[in-house]
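Peer 1: The following block contains the structure, expressed as structure tokens.
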Amino acid sequence: MRTGFIFVLAVGVFAGCATRRMHTSPVAHPNEVHVLAETQRFAEMLGVHVVGVITTQPYMVPAINPRYDGEKVPAAGRYVGGRIEYYRPVIQERNQEYGTALAAHEVCHALSSNEVNADTCASRLMQRGE
């Protein structure tokens, strides 16, 4: 009986991991290649270790300019413990300059969770990187 429970638990954990992993996708678009390359470039400049991935799973955040109360939109990027998830539809529809600024901002979150600090850090990184 105990062996059966452990097997079911193991299958459940694996399925959960597999489900999470299915939301990351191979790089398929020039903007995706660009944002991931910029992520590594800025990480090297800051001396931090981050991994950038392309995801198809949106992470919803409050809209900056909401059209109605409580409007949420998918975040273009999200830093979570050394991993930066870039949302494929947003990355593909924006230009590469946007990808550069986004990568700088998200990499800076490796140093600070504060948005203002990340913006300041990103501005400095982009000035150094030009």
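Just so it is clear, none of the values below were taken in a lab; they were calculated from the coordinates. These figures come from a predicted structure and were not determined experimentally. Backbone-built Cβ (ideal geometry, glycine too); neighbour counts: all protein chains shown.
Peer 1: At a 10 Å Cβ-Cβ cut-off, how would you order E44, E106, fewest neighbours first?
Peer 2: The fewest-first ordering by Cβ neighbours comes to E44, E106.
Peer 1: Something else about it: Relative contact order (percent) for the range 51-114, with alpha-carbon contacts under 8 angstrom and 6 or more residues of separation?
Peer 2: 32
Peer 1: What's the exposure ranking of R128, R83, going from fewest to most Cβ atoms within 10 Å?
Peer 2: Going from sparsest to densest Cβ surroundings: R128, R83.
Peer 1: While we're here: Under 5 Å between amide hydrogens, which residues at least 5 positions from I84 or on another chain qualify, with H placed 1.01 Å from N in the peptide plane?
Peer 2: Amide H neighbours of I84, under 5 Å, 5+ apart: V51, G52, V53.
Peer 1: Arranged from highest to lowest average of other beta-carbon atoms within 10 Å per residue, in what order do the peptides 58-70, 93-105 appear?
Peer 2: Highest-to-lowest ranking by the protection proxy: 93-105, 58-70.
Peer 1: Please work out how much length the chain gains when fully extended from N65 to V80, using 0.36 nm per residue of separation minus the C-alpha to C-alpha distance, in nm with one decimal.
Peer 2: Numbers: separation 15, 0.36 × 15 = 5.40 nm, distance 2.44 nm.
Difference between extended and current length: 3.0 nm.
Peer 1: Next question. Put +1 on the Cβ of each Lys and Arg and -1 on the Cβ of each Asp and Glu in the range 73-130; which of V80, C121, C108 then has its Cα farthest toward the positive end of the dipole?
Peer 2: Result: V80, furthest along the dipole toward the positive end.
Peer 1: Let me ask another. Can you order the peptides 117-124, 84-91 by their average number of other Cβ atoms within 10 Å per residue, highest first? List each step's numbers first, then the result.
Peer 2: Values: 117-124: 16.2, 84-91: 20.9.
In descending order of packing, they fall as 84-91, 117-124.
Peer 1: Which of rounded, prolate, oblate describes the range 24-129, given a ≥ b ≥ c as roots of the alpha-carbon gyration tensor eigenvalues and a/c under 1.5 marking rounded, otherwise prolate only if a/b is larger than b/c?
Peer 2: Here the range 24-129 falls in the oblate category.
Peer 1: Let me ask something additional. Nearest 5 percent is fine: what portion of the DSSP beta bridges confined to the range 24-129 is antiparallel?
Peer 2: On the way: 9 of 14 bridges.
Around 65 percent of the beta bridges assigned by DSSP in the range 24-129 are antiparallel ones.
Peer 1: Please give the contour-minus-distance gain from E93 to E115: 0.36 nm per residue of separation, less the Cα-Cα distance, rounded to one decimal in nm.
Peer 2: Numbers: separation 22, 0.36 × 22 = 7.92 nm, distance 2.34 nm.
Taking E93 through E115 to full extension adds about 5.6 nm, to one decimal.
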